[in-house]
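J.: Below: one structure in structure tokens.
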Amino acid sequence: MRNRLLVICCLLVSIVHSQNNILDKLGVAPVEGGLIMEDYWVWGSSVIKGEDGKYHMYASRWPKYLKFHPGWMIASEIVHAVSDSAEGPYEFKDVALGARGAQYWDGRSCHNPKIVKYKEHYLLYYMGSTHPFEELTEENSDALTLDSKWCIAGRWGKRVGLATSKSPNGPWKRLDTPILDVKPDSFYSYITSNPSPLIKKDGSVVLLFKGRSYKEDKITHTDQFIGVATADSFDGKYSVVGNEPLFSVDKFGEVEDPHVWSDDNGFHMIAKDMTGAITDGYHGGVLAHSKDGIHWELDKNPLAYTRKVIWNNGQTIEQGQLERPFVLVEDGEPTHIFFATMDGPGGFGNGTKTWNMVIPLTDNK
């Protein structure tokens, strides 16, 4: 009987430790924190602490004379900003990955960066795309629509890539081919994008990504899927695991913007609930956990956050958009969560500004 109770207690501890209650740890967001850039749409940040003691942020930006959506598909670049503290504010330092010509697979757009480090290597995972057409200027920017030639080519060309450096300040070595291409007759036959890497202690990689496939009845794409790929090392071959996605409309529910990390409690994923089917909160946050980074299950209480943010100026605001969650982990513990956010009532076409914000995670609740 005693041994049976001991086993039950151990199982309960394991279950508790596999969860990661972000919701109850959300603190107050500093209005002056994060990164905002005049004349640019700013989106999707990823942060790492360098050996210089500073916090290095990598984020997407593109000019505001282009529509927010789909401007990012054809003109995004990844910028590098620095702060003395995790909360910021972050100061722009340089362009880490910019345009390099239509002939390259990522020659026109680099987007959705995720930074990690393994030994002496800084690894910058991202989504890239290109198109063979003339560049849009402020004078002809109205030509950019979802069914325009720029958008059709830019969306179709989305692939996952990797750049490496020995310093968070660069220079970054880019590859001439993506690390994760599409595959016919698969859930990622149309695109691969939104990478989120986890480097294990042995140097092997687990890479979550977003995929879409072609619809059979017409030339378009399906809803989004979340898949997982692995590699023996960051510079090795990346192979998608299995033929079925981890998350889809039919499995758990449709999510986007997966971010995966490890801490003292195991492997965790946070993502955006696209419809509210999982958390009962439209575009709220979903939490899941895994023992190996490949097989995932939802947390018992999967809600990680809502779009309602408490700011340090006393205001509580439901953000128009709250996306691309990124959890900063220091000394084995999550300390901050970063978001891309937009003002307005919601919808990419209804906002006037975007920025990357940060919320400290506390144990005071």
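The values are calculated or read from the model by the stated rules, or taken from the named source; none is laboratory data. Nothing here was measured: the structure is a model prediction, and the numbers come from that model. Note that we place each Cβ from the backbone using ideal geometry, even for glycine, and neighbour counts take in every protein chain shown. Protein only, heavy atoms only, side chains kept; ligands, DNA and RNA dropped before computing areas. Shrake-Rupley method; radii C 1.70, N 1.55, O 1.52, S 1.80 Å.
J.: Hey, got the dipole for the stretch 159-245? About the Cα centre, +1 on K and R Cβ, -1 on D and E Cβ, debye to the nearest 20? Walk me through the numbers before you get to the answer.
T.: Working: 12 positive and 10 negative charges, 75 e Å.
Taking the Cα centre of the stretch 159-245 as origin, the dipole is about 360 debye.
J.: Rounded to the nearest 0.05, what FRET efficiency is calculated for GLU216 and THR145 with R0 set to 35 Å and r the Cβ-Cβ distance?
T.: 0.85
J.: I would also like to ask the following. As a test question: what accessible area, to the nearest 10 Å², does MET274 have when a 1.4 Å probe is rolled over all protein chains in place?
T.: 40
J.: Considering only protein heavy atoms, what per residue accessible area in square angstrom results for the stretch 286-336 with a 1.4 angstrom probe?
T.: 47
J.: In whole percent, and with a 1.4 Å probe on the protein chains, what portion of the accessible area of the stretch 100-199 is carbon and sulfur?
T.: 51
J.: Which whole-Hz couplings ³J(HN,Hα) result when phi for each residue of the stretch 79-85 is put into the Karplus expression 6.51 cos²θ - 1.76 cosθ + 1.60, θ = phi - 60°, listed in order with x for Gly and Pro?
T.: Once rounded to whole Hz, the list reads 10, 10, 10, 9, 8, 7, 10.
J.: Within the chain, which is the longest segment that contains none of the GluC sites (Glu not before Pro) sitting in a DSSP loop with at most 14 other Cβ atoms within 10 Å?
T.: On the way: sites that count: GLU32, GLU38, GLU51, GLU120, GLU134, GLU135, GLU138, GLU139, GLU216.
Free of exposed loop sites, the longest segment is 217-365.
J.: Separate question: Are there any trypsin sites (Lys or Arg not before Pro) in the stretch 105-166 that are in a DSSP loop and have at most 14 other Cβ atoms within 10 Å? List them by number.
T.: Of the trypsin sites (Lys or Arg not before Pro), the ones in loops of the stretch 105-166 whose Cβ has at most 14 other Cβ atoms within 10 Å are LYS119, LYS166.
J.: Have a look at GLY349, GLY170, GLY266 and tell me which one the Gaussian network model of the chain (Cα, springs below 10 Å) gives the largest fluctuation.
T.: Greatest mean-square fluctuation among the candidates belongs to GLY349.
J.: Note down the magnitude of the dipole of the chain about its Cα centre, charges +1 on Lys and Arg C-beta and -1 on Asp and Glu C-beta and zero elsewhere, to the nearest 20 debye.
T.: The dipole magnitude comes to about 620 debye.
J.: Which Cα, out of PHE133, LEU146, TRP156, lies furthest along the positive dipole direction of the stretch 91-194 (beta carbon charges, K/R +1, D/E -1)?
T.: Towards the positive end, the residue furthest out is TRP156.
J.: What is the distance in Å between the Cα centres of the stretch 263-305 and the stretch 329-350?
T.: After rounding, the separation between the Cα centres reads 15 Å.
J.: Rank THR354, THR279, VAL241 by how far each Cα sits towards the positive end of the charge dipole of the stretch 225-365 (+1 on Lys, Arg Cβ; -1 on Asp, Glu Cβ) and give me just the farthest.
T.: Checked the options; the winner is THR354.
J.: Under a 1.4 Å probe, what is the accessible area of the stretch 63-201 per residue, stated in Å²?
T.: 43
J.: Under a plain spin-label model, where a point goes 7 Å from the Cα along Cα-to-Cβ, how far apart in nm are ILE294 and ASP280?
T.: About 3.6 nm separates the two model spin labels.
J.: Among TYR188, ALA231, THR335, pick out the residue whose Cα is farthest towards the positive end of the charge dipole of the stretch 182-341, where Lys and Arg carry +1 and Asp and Glu carry -1 on C-beta, about the Cα centre.
T.: Going by the charge dipole, the pick is TYR188.
J.: Same structure again: Taking all protein chains as present, what is the carbon and sulfur share of the accessible area of the stretch 235-307, in % to the nearest whole number, probe 1.4 Å?
T.: C and S atoms contribute 46 percent here.
J.: Can I ask one more? Can you match volume of the Cα convex hull per residue in Å³ to one of these, (i) 153; (ii) 121; (iii) 132, based on a calculation from the structure here?
T.: (i)
J.: Continuing with the same structure: Give, rounded to the nearest 20 debye, the magnitude of the charge dipole that the stretch 19-123 has about its Cα centre when Lys and Arg contribute +1 at Cβ and Asp and Glu contribute -1 at Cβ.
T.: That gives a dipole near 420 debye.
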